[in-house]
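Notes follow the structure.
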Amino acid sequence: MTVLIRFAEANDKLTLTQDDHCLGNPNKYKGIPAARKALSRCESQ
């Protein structure tokens, strides 16, 4: 499984958020290259 984690900082605190919009949850991507292709397809739409 591959996940996309978004980082944000506010008031000197770090927030991590899992973004499931493009990859889904759970997903079947076993490696980074396949997940990157899926993310680039999603962003181009």
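Here, the chain has an Rg and a Dmax of 12.3, 36 Å when only alpha carbons are counted. Note on the chain: dipole from Cβ charges, positive end direction compared against Val3, Pro33, Thr15; the farthest Cα belongs to Pro33.
Read the figures in this text as sums done on the coordinates, not as results from a lab. All values derive from a computational prediction rather than experimental measurement. Because the Cβ atoms are built from the backbone with ideal geometry, glycine has one as well, and the counts that use them run over all protein chains shown.
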